[in-house]
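Taking it in order: structure first as structure tokens, then the write-up.
The values are calculated or read from the model by the stated rules, or taken from the named source; none is laboratory data. Not measured: the values here are computed from a predicted model. Ideal geometry is used to build each Cβ from the backbone, glycine not excepted, and the neighbour counts take in all protein chains shown. These accessible areas exclude ligands, DNA and RNA; they are computed on the full protein's heavy atoms, side chains included. Shrake-Rupley method; radii C 1.70, N 1.55, O 1.52, S 1.80 Å.
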Amino acid sequence: MKYRTELMDSVLTSPAAQRIIDYITPIYRNGYVALWMFQAIGVALDALIDFSEGLSAQTSPQTATWSIENWEAEYGIPSDIDQPLEQRRANVVTRINTSTPANPAVLAQYATAAGGVPCEIVENVAKNTFAIVMHAENGNVAAIRAAINEAKPAHLIYIIETALQRETTNSIYAASAGSYNKRYPNVAVSNEVTA
């Protein structure tokens, strides 16, 4: 602001309003109603500037916030507002980067993105059956089922398992001993002492 008054400092808090006042005649610097009018216009312009600057972030699913529902609708992913935003973004990115029919690696990516935990696929656990192994106990099983049901080949069935690996410290002591015995056949042992 080129011109500053105490009233201007107290009323004009919007950055856009502070820029507007530089283009207006200095007669309004003590006009209470005019300053509040510029403040109201500035607040609306600030909101418009923030929206337009944030709009470019919505054009990519990796940075989308409020448009994530649009991305999910575009790729046929059911919206789950209880999931964290990062997980919802991962679901969309995974769907974009993969296409059906799905192989085991793609199904593992789907399960990992949907469940939010590392998953792997184990093939042929039974006839026409594969297993989805979650490597954490707090995975979203319902989301994994929904993603896998849509992506898997229709003739396959699956089961979902949880496998946890915990590291422990154990001391193991091992000992071994050996002996060598050889038996000679048909040898007579004599007790005679020869001198």
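See the values below:
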{"item": "Largest-first ordering by accessible area, 1.4 Å probe, given options F51, F38", "result": "F51, F38"}
{"item": "Among A34, A73, A111, residue whose mean-square fluctuation peaks in a GNM of the chain (springs only between Cα atoms under 10 Å)", "result": "A34"}
{"item": "Furthest towards positive pole of dipole, Q109, I68, L55, structure part the chain, Cβ charges", "result": "Q109"}
{"item": "Accessible surface of E150 - all protein chains present, 1.4 Å probe, nearest 10 Å²", "result": "100 Å²"}
{"item": "Accessible surface of Y158 - all protein chains present, 1.4 Å probe, nearest 10 Å²", "result": "30 Å²"}
{"item": "Heavy-atom accessible surface of the chain: percent carbon and sulfur, 1.4 Å", "result": "54 percent"}
{"item": "Sorted largest first, extent of the chain alpha carbons per principal axis (Å)", "result": "141, 57, 22"}
{"item": "Calculated log₁₀ intensity ratio I(q)/I(0) where the Debye formula runs over C-alpha points of segment 73-172, q = 0.11 Å⁻¹", "result": "-0.34"}
{"item": "D9, D82, D46, reordered so the largest accessible area comes first (probe 1.4 Å)", "result": "D82, D9, D46"}
{"item": "The chain: antiparallel DSSP beta bridges as a percent of all, rounded to 5", "result": "45 percent"}
{"item": "Lys, Arg +1 and Asp, Glu -1 on Cβ, resulting dipole of the chain about Cα centre, debye, nearest 20", "result": "460 debye"}
{"item": "Residue of N128, N149, N91 that the Gaussian network model of the chain assigns the largest fluctuation, springs spanning Cα pairs under 10 Å", "result": "N128"}
{"item": "Solvent-accessible surface ranking, highest first, for I157, I132, I172 at 1.4 angstrom", "result": "I172, I157, I132"}
{"item": "Dipole moment magnitude, nearest 20 debye, segment 62-153 about Cα centre, only Lys, Arg, Asp, Glu C-beta charged", "result": "240 debye"}
{"item": "Accessible-area value, M37, 1.4 Å probe, nucleic acids and ligands omitted, Å²", "result": "110 Å²"}
